[in-house]
Amino acid sequence: MAESLFYLLIFPGISFQLVCGWFFEWFDRKLQARFQRRVGPRWFQPLADLLKLFSKEDLLPSGANEFAAAALPLVSLGAVLTAGVYVPIAGFSPASFEGDLIVIVFLLSVPTLAYYLAGIISAGIYSVLGGGRSLLQFFSYEVPLLVALSGPAVMAGSWSIREISSIQAEMGPFILFQPIGFILAVVGLIGKLKRSPLDIPKAKSEVVAGSLTEFGGVKLAIWNTVMNIQAVVGIFLLVNLYSSWSGIVAPVLAVPVFFLESVLMIFVLSAASAVFARLRIDQLAGLGWKVLVPLALLQLLVVILMGV
Amino acid sequence: MDKMNIPIGPQHPLLKEPLRLNIEISGERVLGGILRLGYVHRGIEKLAQTRNYNQNVSLTERVCGICSHVHTTTFCRAVEALLGLELPERVHYIRALMCEMERIHSHLLWLGILAKHIGLEMVFMHTWHDRESILDVMEELSGGRVAHAVNQIGGVRFDLDEDHGPMVDSTVKKLKVDYEELLDVIEHDTTLKARTQGIAPLSAEDMKKYCVVGPVARASGVDVDMRRDDPMPPYDKLDFQVITHPDGDAWSRTYVRLQEIRQSLHLCKQIIDDIPEGPISVRAPRKVPAGEVVMRSEAPRGELFYYLRSDGSEYPARLKIRTPTLPALGILPEQLSEIHIADIPVVLAGIDLCIACADR
């Protein structure tokens, strides 16, 4: 009982996810700033922003559904935190079971659907536009992402992330065999996190802040936390699936290597948002279905043929 | 899908200056837009009639926050034409130098805004960093970053000393290097081209129909440039090209403005090399003889038009300012149809609206 509570509340549960989320956000903002010749925020800035939002007045336009507006961010937070418990950290996974990869992918989709609903219920034109866009974007990146993520599972012959992660000690990191799949997964992750260049649902110059235009105060703070933890879980997931070194390097180095890889992933995401312009939604749909899906299927075919 | 109206402005993250667009959409398609102006109307033309000519130099400086120098230059040239003043050569060179630096910083500012609108924050920050070095030079020369207070009727208010020439020279050299990098991004970045190429192209006939001037018209292949067509003094002795592009879309506007930065850097270099020695002002009487005059110059956004009528007193009888943004606003409704919502920022940025100029 005490052990389970520790797993849920401290590590790898809520506290650890929150701290990682703040650190990743800070590191991302610092990197972006350096790319742009700015100094960037100090280390406590994400926490300070969160506290400031907590102290702000919480307003919603008349006509918005108050209950749904409060429930949606909490449901999303619950979903991403649950997903966080199931992702192994450097080989450590207290709650692993066969098929948890599918559960995590499903749980990570909950915030996107909640984001869409948040746009519909908050009674603003930009929110409706942003919500519609988030759903369109979901249909463009989700299929290639799922097909790409099934590559490591097929290769390892298991749908448990811990199995996939540990089998790489024998077979070698999967990124060497599935480079295309890895790139597709990164693109899918960028789409899932609504990060630039795929920040179409919340493009400032087009739809102000998308679904979250009318949100403020505590609700916005929770939404931001959801996005942060979604990023943490997504990055840990990709590191586990494609480049798990925990069984290869010495046990002492397993944790540092894991976090180094995660930080490298943030670097990749930051660089992508620095060098690419935001795509239009029709361009993204074209890219998703004409380029990413065929590539993902091709990668899967290669993986299956390798196994035969 | 049902039709919806989305309001853009007067306050919106897209806009740097107040303007209202009521855009009708269906899904992600834009069906049309209605424009409303006048949020920054300050009555400058009427105000000018209650100020004397010297005071009006300061007033016209405040028409625009970006191209303030070219406004005072045009106004002073109009008054000087009525007075029949012969200015020393050095005055023309100093005015032209400031004009060209203003064009460079205006175009860099614009490029940054376009990049920001399409999600290229890095290009935004880098162009504005380059722009700072030009603003530093302008501040060093004149004392002002935005309102430079360079002109007075009959001359300019500061002289270049021996340090200023090398300073302009080194900044021009540095900017030429940065410029090549920017040009590389604009010419080769796939996502930037995907967002700007083929967006709401307008033909040269459309441009002529709406009397559009400046880089927007030149990007549609209309070969107009007041520096060449109606040159104020130093430009007839200087060597530069008028850049045109046949496509008329947002990308060609970007390309034209970038090439114009190169021409302006080239002009700055020539001005610094060729500037003659001599006095920097002549004495001008307070009263201006009766008469009327039209003066045109090439502002960063195109032809700037000043009409001035004097009744022989210390105060102008009428001052009419037509800024290049005013005709450009006319093509906006035409462009805002059959595009995506995501193209609205590109279209708006492509025109390089200066609402303060247009509203006066």
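The values are calculated or read from the model by the stated rules, or taken from the named source; none is laboratory data. These numbers were taken from a predicted model, which means no experiment stands behind them. Cβ coordinates were reconstructed from backbone atoms using ideal geometry, including for glycine residues, and neighbour counts include every protein chain displayed.
What do you reckon, is A:Val186 of a type in the set (A, V, I, L, M, F, W, C), surrounded by 19 or more Cβ atoms within 10 Å (Cβ to Cβ) and assigned to a helix (DSSP H, G or I)? When the stated conditions are applied, A:Val186 passes them.
Residues A:Phe106, A:Phe139: which one is within 30 Å of B:Ser26 (Cβ to Cβ), among the aromatic types (Phe, Trp, Tyr), surrounded by fewer than 18 Cβ atoms within 10 Å (Cβ to Cβ) and at pLDDT 85 or above?
Details: A:Phe106 fails: within 30 Å of B:Ser26 (Cβ to Cβ).
Of the residues listed, the single one that is within 30 Å of B:Ser26 (Cβ to Cβ), among the aromatic types (Phe, Trp, Tyr), surrounded by fewer than 18 Cβ atoms within 10 Å (Cβ to Cβ) and at pLDDT 85 or above is A:Phe139.
Quick check: is even one residue across the stretch A:236-252 among the aromatic types (Phe, Trp, Tyr), more than 14 Å from every other protein chain (Cβ to nearest Cβ), touching a Gly at 6+ places or on another chain (Cβ under 9 Å) and touching a residue at least 40 places away in the same chain (Cβ under 8 Å)? Within the stretch A:236-252 (the criterion being among the aromatic types (Phe, Trp, Tyr), more than 14 Å from every other protein chain (Cβ to nearest Cβ), touching a Gly at 6+ places or on another chain (Cβ under 9 Å) and touching a residue at least 40 places away in the same chain (Cβ under 8 Å)), the answer is yes, since at least one residue qualifies.
Just one of the listed residues (B:Glu314, B:Glu334) is farther than 29 Å from B:Glu24 by Cβ and away from every other protein chain (no Cβ under 14 Å), and it is B:Glu314. Here A:Arg133, A:Arg162 are screened, and the one residue that is away from every other protein chain (no Cβ under 14 Å) and part of a helix (DSSP H, G or I) is A:Arg162. Every condition in (1) closer than 23 Å to A:Glu261 by Cα; (2) more than 14 Å from chain B (Cβ to nearest Cβ); (3) polar (S, T, N, Q) holds for A:Thr112 except the one numbered (1). Sort out which residues of the stretch B:182-202 are without any contact (Cβ under 8 Å) to a residue 24 or more places away in the chain and away from chain A (no Cβ under 12 Å), and write them in order of number. Selection gives B:Asp184 alone.
Residues B:Arg322, B:Arg296, B:Arg262: which one is closer than 21 Å to B:Met232 by Cα, free of Cβ contacts under 8 Å to residues at least 24 places away in the same chain and not aliphatic (A, V, I, L, M)? Break it down stepwise before answering.
Details: B:Arg296 fails: free of Cβ contacts under 8 Å to residues at least 24 places away in the same chain; B:Arg262 fails: free of Cβ contacts under 8 Å to residues at least 24 places away in the same chain.
Just a single option satisfies the conditions, and that option is B:Arg322.
Given the criteria in contact with an Asp or Glu (Cβ under 9 Å, 6 or more places away or on another chain) and part of a helix (DSSP H, G or I), does A:Arg195 qualify? Considered against the rule, which asks whether it is in contact with an Asp or Glu (Cβ under 9 Å, 6 or more places away or on another chain) and part of a helix (DSSP H, G or I), A:Arg195 comes out as no. The residues on offer are A:Val226, A:Val239, A:Val232, A:Val207, and the sole one that is in contact with a Cys (Cβ under 6 Å, 6 or more places away or on another chain) and surrounded by 24 or more Cβ atoms within 10 Å (Cβ to Cβ) is A:Val232.
Can you give me the ranges of the helices (runs of 4 or more DSSP H) entirely in the stretch A:11-120 with at least 1 residues that are out of contact with any strand residue (DSSP E or B) (no Cβ under 6 Å at 6 or more places or on another chain) and among the β-branched types (Val, Ile, Thr)?
The qualifying helices (runs of 4 or more DSSP H) are A:14-35, A:66-86.
Looking for something acidic (Asp, Glu) and out of contact with any helix residue (DSSP H, G or I) (no Cβ under 8 Å at 6 or more places or on another chain) - is there at least one such residue anywhere in the stretch B:100-111? So far as the stretch B:100-111 goes, no, none of its residues is acidic (Asp, Glu) and out of contact with any helix residue (DSSP H, G or I) (no Cβ under 8 Å at 6 or more places or on another chain). Do we find a residue being within 14 Å of chain B (Cβ to nearest Cβ), touching a strand residue (DSSP E or B) at 6+ places or on another chain (Cβ under 9 Å) and at pLDDT below 90 anywhere in the stretch A:176-199? No: the stretch A:176-199 contains no residue that is within 14 Å of chain B (Cβ to nearest Cβ), touching a strand residue (DSSP E or B) at 6+ places or on another chain (Cβ under 9 Å) and at pLDDT below 90. Please work out which residue is nearest to A:Gln137 (Cα to Cα), limiting yourself to the stretch A:204-226 and to residues that are in contact with a Phe, Trp or Tyr (Cβ under 8 Å, 6 or more places away or on another chain), within 14 Å of chain B (Cβ to nearest Cβ) and in a helix (DSSP H, G or I). Residue satisfying both the conditions and the ranking: A:Gly210.
Comparison of A:Glu98, A:Glu66 shows that the only residue that is among the acidic types (Asp, Glu) and without any contact (Cβ under 8 Å) to a residue 24 or more places away in the chain is A:Glu66. Within the stretch B:209-253, how many residues turn out to be under 18 Å from B:Phe305 (Cα atoms), in a helix (DSSP H, G or I) and at pLDDT below 85? The total comes to 6. Looking for whichever is away from chain B (no Cβ under 14 Å), more than 21 Å from A:Asp199 (Cβ to Cβ) and surrounded by 24 or more Cβ atoms within 10 Å (Cβ to Cβ) here; the options are A:Ala68, A:Ala83, A:Ala64, A:Ala153. Which one fits? Unique residue meeting the criteria: A:Ala83.
Taken as a whole, the stretch A:28-38 holds no residue that is away from chain B (no Cβ under 14 Å), within 17 Å of the chain's Cα centre (by Cα), of a type outside the set (Ser, Thr, Tyr) and crowded, with 19+ Cβ neighbours inside 10 Å. Can you find even one residue in the stretch B:125-141 that is farther than 15 Å from B:Met98 by Cβ and in contact with a strand residue (DSSP E or B) (Cβ under 7 Å, 6 or more places away or on another chain)? Scanning the stretch B:125-141, I find no residue that is farther than 15 Å from B:Met98 by Cβ and in contact with a strand residue (DSSP E or B) (Cβ under 7 Å, 6 or more places away or on another chain), so the answer is no. Here is the figure for the stretch A:259-308: residues that are over 26 Å from A:Leu129 (Cβ atoms) and either part of a loop (DSSP other than H, G, I, E, B) or charged (D, E, K, R) (or both) total 2.
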